[in-house]
Amino acid sequence: RAGDAEPDPFAFPAVDNAEPGALTTSVAIIVSGIEVPVSITVRDGLYAINDGAFTADAGLVVSGDRVRVQTTAAATLGTTRSARLAIGNANAAFTVTTRGADTMPNGFGFAPVTNVEPGAVVRSGSIVVAGIEAASPIGIVNGQYAINGGAFTAAPGSVVNGDRVRVRQQAASSFTTTTVATLTIGGVAGEFSATTRAPDLVPDALAFAPVMGADPGSAVVSAAQTISGLEAEALITVEGGRYALNDGAFTAVPGRVVN
């Protein structure tokens, strides 16, 4: 009888996430099932036998030969391209798919703002979106964002490479309190913090009128003064005497006063 010229079926594992335009090589398959040399051809690619040079020319293989296929990945993202190898009457495709677009930007952040008036609306500086290859989702928590000088919004949106983004938020209504707006682009987060100023604890000036002609050794009481100009409780102390708050008992013990 004539030698068997019908090869066993073979297959090449597909390659995913290839870089666009990259020269991509398959794993090797081993020719089997034939007893005589058979033809080998390739379409839309190259092949190599037993680690020899890659070629597109038709050739011959025998049982036990190792064959690899090579093709150039598509130049565009998310695109599939195939080379097809034929050995005798058997054939298989080597499929290469380029990676998807990178929508994860470079890291970013906003300079914190301090000494903010309680309840004020504060705006960050701009960051420039970089490192993405297609539109990327944008969202914010505890604030609003604006793209390229547009209106501020808290609604989800999208940005592209080179967009300029600012953030704004309303500062806390209390003193010495930090609030944080968190902007997220393509899964990368950046924070914009705002810290309110400390309260004013320096009161308006007090002036007690001097008392003349007091009896020696007598207890002398000043006229009352109303505390003003404070934004929070302040420390009160006395030297050489005592004080009373709101017609309470006189004391020399340090205490706290409010407006």
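The values are calculated or read from the model by the stated rules, or taken from the named source; none is laboratory data. Quick caveat, the model's predicted, so the values are computed rather than measured. Don't worry about glycine lacking a Cβ; one is built from the backbone with ideal geometry, like all the others, and counts go over all protein chains shown. Ligands, DNA and RNA are excluded from the accessible area calculation, which covers all protein heavy atoms including side chains. Shrake-Rupley method; radii C 1.70, N 1.55, O 1.52, S 1.80 Å.
Would you mention how many residues in region 132-156 are open to solvent by 30 Å² or more (accessible area, probe 1.4 Å) and either under 17 Å from the mean Cα position of the chain (by Cα) or under 23 Å from Pro112 (Cβ atoms) (or both)? Steps first, please.
First pass over region 132-156, keeping only residues open to solvent by 30 Å² or more (accessible area, probe 1.4 Å): 133-135, 137, 141-142, 144, 147-156.
Those still in the list that are either under 17 Å from the mean Cα position of the chain (by Cα) or under 23 Å from Pro112 (Cβ atoms) (or both) too: 133-135, 137, 141-142, 144, 147, 149, 152-154, 156.
Qualifying residue count for the region: 13.
Quick check on region 123-132. Is at least one of its residues in contact with a Ser or Thr (Cβ under 6 Å, 6 or more places away or on another chain), closer than 29 Å to Arg99 by Cβ and not in a strand (DSSP E or B)?
Taking every residue of region 123-132 in turn, at least one turns out to be in contact with a Ser or Thr (Cβ under 6 Å, 6 or more places away or on another chain), closer than 29 Å to Arg99 by Cβ and not in a strand (DSSP E or B).
With the requirement that a residue be farther than 16 Å from Asn106 by Cα and either aromatic (Phe, Trp, Tyr) or under 15 Å from the mean Cα position of the chain (by Cα) (or both), what does region 183-195 give you?
Phe192
Here is a check on your reading of the model: is Pro13 assigned to a loop (DSSP other than H, G, I, E, B) and farther than 30 Å from Glu133 by Cα?
Working: assigned to a loop (DSSP other than H, G, I, E, B): yes; farther than 30 Å from Glu133 by Cα: no.
No: the conditions fail for Pro13.
If Glu117 meets every condition in (1) within 17 Å of the chain's Cα centre (by Cα); (2) charged (D, E, K, R); (3) within 30 Å of Asp200 (Cβ to Cβ) apart from one, which number is that one?
Status for Glu117: all satisfied but (1).
Looking at (1) over 15 Å from the mean Cα position of the chain (by Cα); (2) in contact (Cβ under 8 Å) with a residue 24 or more places away in the chain, which is the only condition Arg166 fails?
(1)
Take Gly157 and tell me if it is out of contact with any Pro (no Cβ under 7 Å at 6 or more places or on another chain), modelled with pLDDT under 95 and of a type in the set (Gly, Ala, Ser).
It is false that Gly157 is out of contact with any Pro (no Cβ under 7 Å at 6 or more places or on another chain), modelled with pLDDT under 95 and of a type in the set (Gly, Ala, Ser).
One residue is enough: does region 69-82 have a residue meeting the conditions out of contact with any strand residue (DSSP E or B) (no Cβ under 7 Å at 6 or more places or on another chain), under 30 Å from Ala101 (Cα atoms), at pLDDT 95 or above and not aromatic (Phe, Trp, Tyr)?
Yes.
Do you know which residues across region 173-204 are touching a Pro at 6+ places or on another chain (Cβ under 6 Å) and closer than 15 Å to Val121 by Cβ?
Those that are touching a Pro at 6+ places or on another chain (Cβ under 6 Å) and closer than 15 Å to Val121 by Cβ: Ser173, Ser193, Thr196.
Do we have any residue at all in region 34-46 that's modelled with pLDDT under 95, within 47 Å of the chain's Cα centre (by Cα) and at positive phi?
No, every residue in region 34-46 fails to be modelled with pLDDT under 95, within 47 Å of the chain's Cα centre (by Cα) and at positive phi.
Can you pull out the strands (runs of 3 or more DSSP E) entirely within region 37-115 that have at least 2 residues that are of a type outside the set (Gly, Ala, Ser) and open to solvent by 50 Å² or more (accessible area, probe 1.4 Å)? Please lay out each step first, then the result.
Values: elements: 38-43, 46-49, 59-61, 66-72, 80-87, 90-98.
Strands (runs of 3 or more DSSP E) meeting the threshold: 38-43, 66-72, 80-87.
Output the number of the condition that Ala2 fails; it satisfies all remaining conditions of (1) modelled with pLDDT under 95; (2) of a type in the set (A, V, I, L, M, F, W, C); (3) under 20 Å from Val96 (Cα atoms).
Looking at each condition in turn, Ala2 falls short on (3).
Which pairs turn up if I take residues in region 95-122 that are under 30 Å from Thr72 (Cα atoms) and of a type in the set (Lys, Arg) and look for partners that are in a loop (DSSP other than H, G, I, E, B) and open to solvent by 40 Å² or more (accessible area, probe 1.4 Å) with beta carbon separation below 7 Å, at least 6 apart in sequence or on another chain?
That search, which allows pairs on different chains as well, returns Arg99/Glu19; Arg99/Leu77.
Might you let me know whether region 49-60 holds any residue that is among the polar types (S, T, N, Q) and in contact with a Lys or Arg (Cβ under 9 Å, 6 or more places away or on another chain)?
yes
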